[in-house]
Amino acid sequence: LEGSPGFQVTISMPAPDPVCLNYIYMQDQKAIGGAVFYAGLYSSNISNNTGWQFTSCVQPISNVWPGDANYDLIADNFDILNIGIAFGETGFVRPGATNNYVAQPCLDWPSQFQSGVNAKHADCDGNGVVNLNDTLAVSLNYGNNHPPRLMAPDSIVSIGPDLYFQIPTGPITAGSTISIPIMLGTTINPANNFYGIAFTVNYPTAMIQAGTMSVNYNGSWLVAPGNLIHLEKNFTVAGQLDMGFSRINHANVSGSGTIAVLTFTFANNAAGYFTLSFSDILAIASDETVITTNPLAGVGFVGIDENYFIESFSLYPNPASGGEFTIEAKGELEIYN
């Protein structure tokens, strides 16, 4: 609402009914008539206004469920992205706040996400500021939901930057520990304006020793120490690792290469081909724009693969006598014990 610069426009309303307005940028407004005039949620007192109270008629209050930072009614790895988006924001302290997954009333904060969800949901521990401590409630309440359950977001696949695993070529020894970089973007098709990403890694649980799965972000072009919030949840029986990580400085970054490193140990009896794949992917920019990716599965081999060599070769005599034998091969040959 704006009058002529420096000259007030008069608005009159008799008592007892109040005038309740939100989302108002106000200048040169005079309120009279006996009613109480409110300019509340997301309103701004620019200049030369009289008779107005710049607060809401009734402060909006709704429940927060600790760990459900994006208020999609479940605590999971996607919530890390909203904590990263709202990182550093402040608002009302939640009375009697705990990390227990129960409905906890809280006044709405002055900011909200692009989805319309109030930013207070990212303050999972209820202390009035969004910070690293809010990831604890996500971890403690992971997988908990409160009805009604919203549909999970679809996996997004496109011609966007590749999301893939850098699995070593050649056979891998059973029982060995291996680190596999998770890659995003290539020099030809880089990943532009990324802020955070969440996804599930699917792996062959029978071939990997339980309890050995871990993730680190050393050398990541997407996140760095001091500019990182992350969460990982491993479901060994299902062969699924949920992970989400985000920047916290409210600035996008572009690049290609390693964004995280997956480390695990193969079982001593592991043998044959294995596959790693992605599902349930959500990548965002700092303004919450969803960015599409092109997820690619990776395949490797554990043990001695008799069919691995693509070049012709021969070994004789077989069986060998006296510990001597001859190998004739075309191309490079690697021998494993």
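The values are calculated or read from the model by the stated rules, or taken from the named source; none is laboratory data. Treat the numbers as computed from the prediction; the structure is a model and nothing was measured. Neighbour counts are summed over all protein chains in view; Cβ atoms, including those assigned to glycine, are modelled from backbone coordinates with ideal geometry. Note: accessible area is taken over every heavy atom of the protein model, side chains too, but ligands, DNA and RNA are not part of it. Shrake-Rupley method; radii C 1.70, N 1.55, O 1.52, S 1.80 Å.
For the reader, a short list of remarks on this structure follows.
- Cα→Cβ-extended label distance, 7 Å offset, between S176 and A285, nm: 4.2
- Förster radius 56 Å - calculated FRET efficiency between Y42 and N268, Cβ distance, rounded to 0.05: 0.40
- For the stretch 63-207, the Rg and Dmax computed from alpha carbons only, in angstrom: 18.6, 58
- Where a label projected 7 Å from the Cα of A103 along Cα→Cβ would reach, residues of the stretch 61-86 with amide N under 16 Å: 61-66, 68, 71-74
- Protein-only accessible surface at a 1.4 angstrom probe places the residues T263, T173 in the order T173, T263, largest first.
- Taking only the alpha carbons of the stretch 1-132, we obtain Rg and Dmax values of 18.2, 54 Å in that order.
- ³J(HN,Hα), Karplus 6.51/-1.76/1.60, whole Hz, each residue of the stretch 160-174, x for Gly, Pro: x, x, 5, 10, 8, 9, 9, 7, x, 7, x, x, 10, 6, 4
- Efficiency of FRET between L315 and T236 - r from beta-carbon atoms, R0 41 angstrom, step 0.05: 0.55
- With all protein chains kept in place, the per residue accessible area of the chain amounts to 50 square angstrom at a probe of 1.4 angstrom.
- Cβ charges +1 (Lys, Arg) and -1 (Asp, Glu), total dipole of the chain, debye: 740
- Binned Cα-Cα distance frequencies in the stretch 173-286 - 5 Å width, integer %: 2, 11, 21, 23, 18, 12, 8, 4, 1, 0
- Isolated Cys in the chain, by beta carbon distance under 4.7 Å: C106, C124
- Calculated FRET efficiency, N22 to V117, Cβ-Cβ distance, R0 = 22 Å: about 0.85 to the nearest 0.05.
- Pairwise Cα distances in the stretch 70-149 exceed 17 Å in 39 percent of cases.
- Here the chain exposes an accessible surface that is 54 percent carbon and sulfur, computed with a 1.4 Å probe and the other protein chains kept in place.
- Principal axis extents of the C-alpha atoms in the chain (largest first, rounded to whole Å): 111, 41, 32.
- Ranked by the mean number of other Cβ atoms within 10 Å of their residues, highest first, the peptides 241-248, 315-322 fall in the order 241-248, 315-322.
- For the stretch 27-81: rounded, prolate or oblate by the Cα gyration tensor [a/c cutoff 1.5]: prolate
- Kirkwood Rh and Cα Rg combined as Rg/Rh, the stretch 166-220: 1.00
- Placing unit charges on each Cβ (+1 for Lys and Arg, -1 for Asp and Glu) gives the stretch 57-211 a dipole about its Cα centre, and among S111, M207, Q166 the Cα reaching farthest toward its positive end belongs to M207.
- Note on the stretch 1-110: with charges restricted to the Cβ of Lys and Arg (+1) and Asp and Glu (-1), its dipole about the Cα centre is near 380 debye.
- The stretch 209-248: Rg to Rh, with Rh as the Kirkwood radius over Cα pairs: 1.04
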